[in-house]
Structure formats: structure tokens, C-alpha cells
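> Take this structure, written in C-alpha cells, and hold onto it; I'll ask about it next.
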Amino acid sequence: MKRGELYRVAAPASRDPKRSRVFVMVSRQVVIDSRFSTVICAPVYTAYDGLASQVPVGPEEGLKHDSSIHCDELVSLPKSVLTNCIGTLSPNKIGQMARALRIALDLS
């Protein structure tokens with residue numbers, strides 16, 4: 001497991017209308033490699049509103065459609081549900097995600 005990997009998760013939440021949802025791992029690598037059972041992830045939606053806290057992604061990252069990472073909607077997921085890796089962000093996209101996270105969390 002690595003930061004920037006995209007995972008398809010079945011039935012991620014009771015409120016989610018989708019049977020599965022793609023999430024991007026955003027936790028620091030030291031946390032991912034640790035004994036902690038959960039990691040922080042950002043959901044991927046097909047909607048892209050052009051917000052600074054969203055990162056456009058698409059087939060280049062292993063997705064079927066043009067989509068976006070929504071850094072304003074971070075969730076903690078058990079590592080045990082992250083088994084279906086479908087792609088990885090490029091170093092450039094990881095940099096864009098880091099900027100979007102700083103904006104979403106109002107960090108300087």
C-alpha cells in the first residue's frame with residue numbers, strides 16, 4: 001500500500017448510492033506502513049466542480065471516466081477494505097493532491 005494509490009471499495013457507506021466507490025490513499029506513508037488499522041482516504045466522484053480542493057483524474061490513473069478527487073470529504077477507512085487497487089497517481093498528481101489537501105484543511 002502506498003500514498004496515491006486508488007482503491008475500489010465495495011459498499012463504502014450506508015448513505016452512498018453506489019455499490020462501490022473509488023478512494024485515494026492520502027495518509028502519510030509512515031502511517032500506512034504502521035500497525036494502525038485505518039488510513040485516511042479521499043473519495044473520487046465523476047463530478048468535477050472546478051474547486052481548488054478537487055483534483056481532476058481519469059483513465060490515466062486507472063479510472064473508467066474523467067473524475068475528481070474530493071479533498072474536502074476525507075474519510076478514515078480500514079486497511080482491510082483496501083484490497084482492489086486500480087491505479088496510482090503520478091508524482092505530479094500527488095503534488096496537486098497535496099495542494100488540494102492544504103486548501104481543504106486551510107493549512108498554510
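> Restricting attention to the stretch 79-93, and to residues there that are in contact with a strand residue (DSSP E or B) (Cβ under 9 Å, 6 or more places away or on another chain) and of a type outside the set (S, T, N, Q), which single residue is surrounded by the most Cβ atoms within 10 Å (Cβ to Cβ)?
Taking the candidates together, the pick is Leu89.
> From the set of residues in the stretch 44-60 that are in a loop (DSSP other than H, G, I, E, B), under 15 Å from the mean Cα position of the chain (by Cα) and not hydroxyl-bearing (Ser, Thr, Tyr), which is surrounded by the fewest Cβ atoms within 10 Å (Cβ to Cβ)? Don't jump to the end; show me each part of the working.
To start, the set of residues in the stretch 44-60 that are in a loop (DSSP other than H, G, I, E, B) comprises 46-53, 58.
Still in the list and also under 15 Å from the mean Cα position of the chain (by Cα): 46-48, 53, 58.
Retained after the next criterion (residues that are not hydroxyl-bearing (Ser, Thr, Tyr)): 47, 58.
Numbers: Ala47: 8, Gly58: 14.
It comes out as Ala47.
> While we're on this one: If the Cβ limit is 9 Å and pairs must be 6+ apart or interchain, which residue in the stretch 93-108 that is without any contact (Cβ under 8 Å) to a residue 60 or more places away in the chain pairs with which residue that is hydrophobic (A, V, I, L, M, F, W, C) and part of a helix (DSSP H, G or I)?
From the stretch 93-108, the pairs are Leu107/Leu101.
> Only residues that are part of a strand (DSSP E or B) and either touching a residue at least 60 places away in the same chain (Cβ under 8 Å) or out of contact with any helix residue (DSSP H, G or I) (no Cβ under 9 Å at 6 or more places or on another chain) (or both): list them for the stretch 24-43, please. Steps first, please.
Of all residues in the stretch 24-43, those part of a strand (DSSP E or B) come to 24-25, 38-43.
Matches in the stretch 24-43: Val24, Cys41, Pro43.
Values in this text are rule-based calculations from the coordinates and carry no lab data. None of these values were measured; they are calculated from a predicted model. Because the Cβ atoms are built from the backbone with ideal geometry, glycine has one as well, and the counts that use them run over all protein chains shown.
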